[in-house]
Amino acid sequence: MRTLGVGLVATGHAPDGVIEAFEAPGRFVVGVQWHPEAPGTAPQVAAAPFTLLHNEIEIGAPAAAQLP
């Protein structure tokens, strides 16, 4: 991704500048363009997108506040 829609914030970039993650502040919207299951990815990093989703469903609280 090179550009985002109104209200979205880039939160991760590839070395070439391509947006690899984005969020919508104040809402539960998270987008990623990477493979968390890729070999060599730290377990906590690989689990992060799924932890966010689980927390949002299970608790109904802002999931991002649940992570370190």
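The numbers here are math on the coordinates, done by the rules we state, and not lab data. As the structure is a prediction and not an experimental result, all values here were calculated from the model. As a convention, Cβ positions derive from the backbone with ideal geometry for all residues, glycine included, and neighbour counts pool all protein chains shown.
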Task: Point-to-point label distance, Thr3-Val45, nm (Cα→Cβ direction, 7 Å offset) - done: 3.0
Task: Neighbour-count order for His35, His13, fewest beta carbons within 10 angstrom listed first - done: His35, His13
Open item on the list: 5 Å is the cut-off here: which amide hydrogens, built 1.01 Å from N in the peptide plane, fall below it relative to Glu20, excluding neighbours closer than 5 in sequence?
Closed with: Gly12, His13, Ala14
